[in-house]
Each structure stands twice: as structure tokens, then as C-alpha cells.
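This report concerns only the one structure given below.
Computed from the coordinates by the stated procedures, all read-outs in this text should not be read as laboratory data. Source: prediction; values computed, not measured. Using ideal geometry, Cβ is built from the backbone for each residue, glycine included, and neighbour counts are taken over all protein chains shown.
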Amino acid sequence: MPSQTVPTHPDMVSGHASAADLVRRLRAREVSPRELAEEHLRRIENHPELGSFLFADRDRLLAQIPDGPGSGPLAGLPLALKDNIDTKGVPTSSGSMADWGRIPDHDAAVWTQLRDRAGARLLGKTHMSEFAYRCHHPELGVVHNPHQLSRATGGSSSGSAAAVAAGLAPAALGTDTGGSIRIPASYCGVVGLKGGTGEVSTAGVVPLSLTLDHVGVLARSVADAALVYQEMMSAPIQLVDPVTLEVPGAERPRLRIGVDRGYFTTEAQPAVLGALNNSLRILESTGCRVVEVNLAGAGTWRRAQRQILLREAWLYHRDRLAGPAPYGPVFRASVAKGAEITPPQYDAALKLRRTAMRFMADVFTQVDLIVAPTCPTVAHAGEEGLHGTAYTRYASLAAFTGLPALSLPAGRGYLGLPVGIQVIGASGATRTVVTLSALLESALGAW
């Protein structure tokens, strides 16, 4: 694929209505669910160069959309789902030839909730890193970054991020085990929201790590992400105003904002540091107070996170790994290493995770939120998962400790590529994360 800059179509990365605006139009019956789905399916068909969808069969998907407006807070809104989220009667391959053609008998709990309670409609299944780890299966191609096709999207929710950034979907579900929602959000210039552990059911989601997996959402604004996420939660809380569909917030929040200038700035590109410093200045101007914190321990937790992930991934795949199942070579070799992790090592890693969670709970007695870069760099050329996992350095902490975190666009770096900043909250503080993120997004304006 040649290095070229999208848009290849005038409205590729901008100019699309927000999810909230589409919900307003649906409620006012200015557009029907079928018309909305048809328009987004047309966009998907017009942009095969992104490789963002694995399944978007027009006839099959439109047949599932009723003619009427439907009911529920998201009635008629088309959503894309990452391809490891089970959908009854619709293929779910987890981005792997090993599961190619698998058609689940049941829907994932989160999709049942979004469709049956909130009224959302299925737009398609997005491409992803194979079984949510490392890189795309070589036979299925890669997802290309809408801002520049030669650049990575980040993994593993690559197709969801690219689809949202390019306007092919108003919002998309993803999963995050070590940063897999927030990293592609940062690389593609969209918002990625991962709540706290247990907020959204993972039942019916093909696991990478049962301990660490989270389900979240990618969208083009904080309000859009919150609008969808609040309908995904097992015990919903109100994140957006039900009438205005905006995130309510205090004009002068006076929150204590933690910043670590050691671990969370090491290896960062100048534009990434610039975006962080600019965000902190903005928050100080709103009445927030910046407090220095020391999160150096996060570097020592990464090995334990990897041990948990690989051991649990190996346990899930071990029977098929022993045979000729057509896994990609990178995924097969990586997950096979889980067999080398002994039960005592695995237990020690889980113990360290509990220690890390207690440590972070103590940090959040000193600050209300932490603001940090999402990734050390802008999107690299080619798949980063083929060259190690350094790009997960900043995003892994919130996944390992089960804390809510949101990445939002905060500037541009090398070649004009997006830079993301993440807001991390204490356990149970998803609403605070969303509120501050919306305030920061408003102040940053057009990034």
C-alpha cells in the first residue's frame, strides 16, 4: 500500500454528524434507522482501502433493522462491534483464520443490552489484531490509519478506531486488555473509553485474559463515547444529560490532577510532551491543581501483566495450539509462551496485581484524577505488534489495575498525526473521568 494521506473522499476524517446528533435526528424522525444504516454501509463499501471491517453484509444487516423507529435511548443508532464480541447469526472470527466462519448461537451480554434495552442496531464487525493480541492475521490484511494509510492504527481495536475516525461508524465497541481501546484511539484521533473492571459484562466476548479484559467504546467525542458507554454498563449510571445528550460538568471543577513526569514521560516524543503540558495548563486555568505523583512502580508491573495475559490466553487456546489450527505465526508463537509460565509464577503475578491496585487506591487519596500521555509516540509505520509492546507502556497501567481511563485527541505530532492524552480515575470514578475529559476536550477545541 503506498504512503498516501486520506481523505481520499472529501469528508473522510471530518464533517460527519456526531452520534449524539444522530440520536437527536432519530428521535425527531428526521431520519430512519434504515436510512442511517444504509448511509453508513455505503461509506464502508466506498472505503475498502482502510480494511476496517471483516463483516458488513448489506442485505443481512439491513434485514435485522425494523422499519419503525424503535425504542430506547439509542433507538436506531448503528454501532460497529469489534469482531471478538459474539453476535448471534453473524460471523465472529476474532480476526483469526482459526475461527473464520464461526457463527455464534448467542449474543454477547453487552450487545444484548445495547440492542434490546437501548435500541442500537448492528452496523458490522470490525477487523482487529488476532484474538486481540500483537498483530493482524497475515491472511486477513491490516487496518490502515485514516490519517495516513502507511501508518499503524494501534491494536487491538484497530478496525473500530479506523471506522470511527473515517466516519464509517458513529461509534464502535472495542476491548482493552493492556490499552487496546485507548492506543488505537490515540493513533486515529478519536476518543476511547475503558471503564473500571466489572462495569461492563465480558460474557460472550472471546477472551484474551479473563482477569484483565474490559469492553469499552470508541467515538468521535467524549459525549458520544459516554452516551454509548452508559448504556453498556451492567449497573448504568448517567454520564450524559438525557435531554441535551451533553456531558454535564462544573465550570470550575477544582480537582487535584496527578501527573507523573518520570515513567509517564520516558521515551515520549516532543509533541506528546507538548500535548501533556498544554493539557495541564488548560486544567490549571479552570481551577484544577496539578500534583506531582510517582508511578515508577508501573514499570515493574508490566512483567506481571504479561504473565497473567499469556497464561490465561494459553489456557484458552492450548488445545488448538497443540494441533494445526490456522493461527497466525506471531500469535501462535507468542501465546505458546504461556505454557512456560508456572502456576506459582501466575499466582505471584496476580498477587502483584492486587498490590498494584492497593497502591493506586492510595494514590487516589492524594489526587482525584491522573492525566498522562496515551502513547509515547504518534502512529508508527507498520504494525507495532510485530516489534514488541513498548507502545503499550503508558496505557497498560489502567488495564492492569482495572481503573477507568479515557483517551482523547490533544494535538498533532510528526506528519500531523494525532496525539492522545488519557485521563485515569480511581475505581468507581468513571463519571469524574468523563466529566473532566469533556471539559478538557472543550477547551482544546479543534486539535
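Data table
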| item | result |
| --- | --- |
| Residues whose placed amide H lies under 5 Å from that of V291, excluding near-sequence neighbours | I257, G258, V259 |
| Under-28-angstrom lysine pairs by C-alpha in the chain, whenever the two are 8 or more apart or on separate chains | 9 |
| Student exercise, the chain dipole from Lys, Arg, Asp, Glu Cβ charges, in Debye to nearest 20 | 800 |
| 222 nm mean residue ellipticity, helices alone, for the chain (DSSP H n ≥ 4; -39,500 (n - 2.57); rounded to 500) | -10500 deg cm²/dmol |
| Positive dipole terminus of the chain, leading residue within I85, A226, L309 (C-beta point charges) | L309 |
| Cα→Cβ-extended label distance, 7 Å offset, between K351 and R318, nm | 2.1 |
| Separation of alpha-carbon centers, region 328-342 and region 59-85, rounded to whole Å | 37 |
| Most positive-pole-ward Cα, I282, V206, V240, against dipole of the chain from beta carbon charges | I282 |
| Which label in (1) 71, 53, 39; (2) 58, 55, 45; (3) 73, 45, 41 gives the computed Cα extents along the principal axes in Å | (2) |
| Rounded to 5, percent antiparallel among DSSP beta bridges of the chain | 70 |
| Highest to lowest packing among 236-248, 48-60, scored as the average C-beta count within 10 Å | 48-60, 236-248 |
| Reciprocal mean inverse distance between Cα atoms of region 199-262 - Kirkwood radius, Å | 14.4 |
| Share of pairwise Cα separations in region 298-352, more than 15 Å, in percent | 46 |
| Separation between Cα centres of region 238-263 and region 203-227, rounded to whole Å | 19 |
| Built amide H within the under 5 Å cut-off of R151, gap 5+ | N145 |
| Long-range amide H partners of V217 with built H, under 5 Å | G174, L193 |
